[in-house]
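Just below is one structure, and these are the notes that go with it.
The values are calculated or read from the model by the stated rules, or taken from the named source; none is laboratory data. Small disclaimer: the values here were computed from a predicted structure and weren't measured. Here the Cβ positions follow ideal geometry from the backbone for every residue, glycine too, while neighbour counts run over all protein chains shown. Note: accessible area is taken over every heavy atom of the protein model, side chains too, but ligands, DNA and RNA are not part of it. Shrake-Rupley method; radii C 1.70, N 1.55, O 1.52, S 1.80 Å.
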Amino acid sequence: MLKAGIIGYGTLGKTIAELIEAGHAGNVELQSVLIRSNKSADHANKQTFDLTPDENDFFNGDLDIIIEAAGHGALHLYGEKVLASGSHLVVLSVGALGDTSFYEKLKTVAMQHNRQIFIPSAAIAGLDRIAAGALGEIEDITLITRKHPRSWKGTIAEEKVDLHMLTEPFCIYEGNARESSRLFPQSVNVSAALSLAGIGFENTKVKVYADPTIQTNTHTIKAKGYFGEVEISVSNVPYEENPKSSPIVAMSVAKVLKNLTSPYVIGV
């Protein structure tokens, strides 16, 4: 049985914990969740795992794998420590890996300690196809992300357009994945995952829309290369309490954990 920990107990952290507790993540036991303070546990339901703000307790827990679900800052703060403590690392704040020096440092620490960094498909699909295609030549990859204006509150989108007044789709960003993952750290982490699977941050094109005509978070990947062509679109139901993300993100983490303990693995 794998002993797991989670960094962060927000919407995603809680959903991941629930999936593990319900047995949807395979032969995995959730032992500990690192939280900011004891206040984070005030409204927690009864649980069999520890909620702790004490970093030493958390990292001395002999955990096999730790899931980062607390944002770019948390990954920068704890990523190396996770790997150096002897745990594998599941990264949800993938956009932070757009910092090349940080990304290379994490990989170096992982190799030094014989640990792995896992990047789930999260809000998109087809990373297996893109990663396989990247073994040959890929000519072009484009990601088109569309979310309801409410999902862009608190982002630079508010500087570009009055989100409350939108009546039709509005392109709030067009550029590459490195910049998009920096500008939208909670909303376009998918562009970073796609970049790492494919042809890199600079060469992955990204278009981002605030779209009042939809209620879901949609991502469309278009890629062309030696393998042929692929176009993949997903439509994710967002969390009501956090419309920037979707339950499928937590479910993809559970799939990663399940793969690690299952006698058979599908879709890798």
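Values as computed for the structure displayed
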{"read-out": "Order by protection proxy (mean Cβ within 10 Å, highest first), peptides 259-267, 137-145", "value": "137-145, 259-267"}
{"read-out": "The stretch 167-205 residues near the modelled Arg150 label - backbone nitrogen below 18 Å, point 7 Å along Cα→Cβ", "value": "167-170, 187"}
{"read-out": "Pairwise centroid distance, computed over Cα atoms, of the stretch 233-268 with the stretch 90-164, Å", "value": "15"}
{"read-out": "Spherically averaged projected area of the stretch 182-223 from its Cα convex hull (nm²)", "value": "3.4"}
{"read-out": "Surface per residue (accessible, 1.4 Å probe) for the chain, Å²", "value": "49"}
{"read-out": "Sum of -39500 (n - 2.57) over DSSP H runs of 4+, divided by residues of the chain (222 nm, nearest 500)", "value": "-9000 deg cm²/dmol"}
{"read-out": "Global geometry of the stretch 49-158, whether rounded, prolate or oblate, following the gyration tensor of its Cα atoms and the 1.5 cut on a/c", "value": "oblate"}
{"read-out": "27 Å tail of the calculated P(r), the chain, as % of Cα pairs", "value": "38"}
{"read-out": "Exposure rank, largest accessible area first [Thr167, Thr155; 1.4 Å]", "value": "Thr167, Thr155"}
{"read-out": "Over the stretch 115-268, volume per residue of the alpha carbon convex hull, in Å³", "value": "122"}
{"read-out": "Calculated FRET efficiency for the pair Val161/Ser262, C-beta based, R₀ 35 Å, to 0.05", "value": "0.15"}
{"read-out": "Projected label distance in nm at Ala131 and Glu29, using a 7 Å step from Cα toward the beta-carbon", "value": "2.9"}
{"read-out": "Cβ-based net charge around Gly23, under 13 Å, with every Lys or Arg adding one and every Asp or Glu removing one", "value": "-2"}
{"read-out": "Dimensionless Rg ratio for the stretch 208-249, taking C-alpha atoms and the 2.2 N^0.38 Å reference", "value": "1.45"}
